[in-house]
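Asks: So that we are looking at the same thing, I have put the structure below in structure tokens.
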Amino acid sequence: MSAAAEAHGPGPAHGHGDANLHPPPIHYSSRIAPTIVGIFLFIGSEIMLFGSFFTVYFFDRVVNNTHPWPPIDQATGHPFERPWFVALVNTCILVTSSFTMHWATVSVKRGNRAGLQAGMVLTIVLGATFLLTQVIE
């Protein structure tokens, strides 16, 4: 037997079964579970992303106040109106589609195929409606 094989000890051929077929258990270097670290990293990245959005908005509106807000429509001379009604409808569509998706996942866990199909079809229809509204807007 070679020196390298002796350093690793006897293998399964020497009567130890499958003791060497599996890796050793994972050793975590900290007391925080990897899933919790992942959640903290995700939340931190979201804070940085939206913090940068708010910072740019603040500097554009307050510090660099060279553009009027809301912008002026050149044709009428009046400020642009925000389409709040369309935004409200789109928000309702998105919230409803999350409920239909939840209905589909609960149905599949209960073995209810008809509920799964109905929930998925409604979710797809609501998603297509949202996308069509976005394109029209």
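Asks: Hey, can you tell me all the residues within the range 44-82 that are basic (Lys, Arg) and open to solvent by less than 100 Å² (accessible area, probe 1.4 Å)?
Replies: Here is the first cut: in the range 44-82, the ones basic (Lys, Arg) are 61, 82.
Answer for the range 44-82, where residues must be basic (Lys, Arg) and open to solvent by less than 100 Å² (accessible area, probe 1.4 Å): just Arg61.
Asks: Every residue in the range 83-93 that is within 19 Å of the chain's Cα centre (by Cα) and loosely packed, with under 12 Cβ neighbours inside 10 Å, please.
Replies: Scanning the range 83-93 gives a single hit, Thr91.
Asks: Among the residues of the range 108-121, are any closer than 30 Å to Pro71 by Cβ and exposed (fewer than 10 other Cβ atoms within 10 Å of the Cβ)?
Replies: no
Asks: Can you find a residue that is modelled with pLDDT of 85 or more, of a type in the set (Val, Ile, Thr) and assigned to a helix (DSSP H, G or I) anywhere in the range 56-76?
Replies: yes
The values are calculated or read from the model by the stated rules, or taken from the named source; none is laboratory data. Note that the coordinates shown come from a computational prediction; the quantities given were computed from them, not determined experimentally. When we count neighbours, we look across all protein chains shown, and the Cβ atoms used for this are built from the backbone with ideal geometry, even at glycine. Keep in mind that these areas ignore ligands, DNA and RNA; they rest on the heavy atoms of the full protein, side chains included. Shrake-Rupley method; radii C 1.70, N 1.55, O 1.52, S 1.80 Å.
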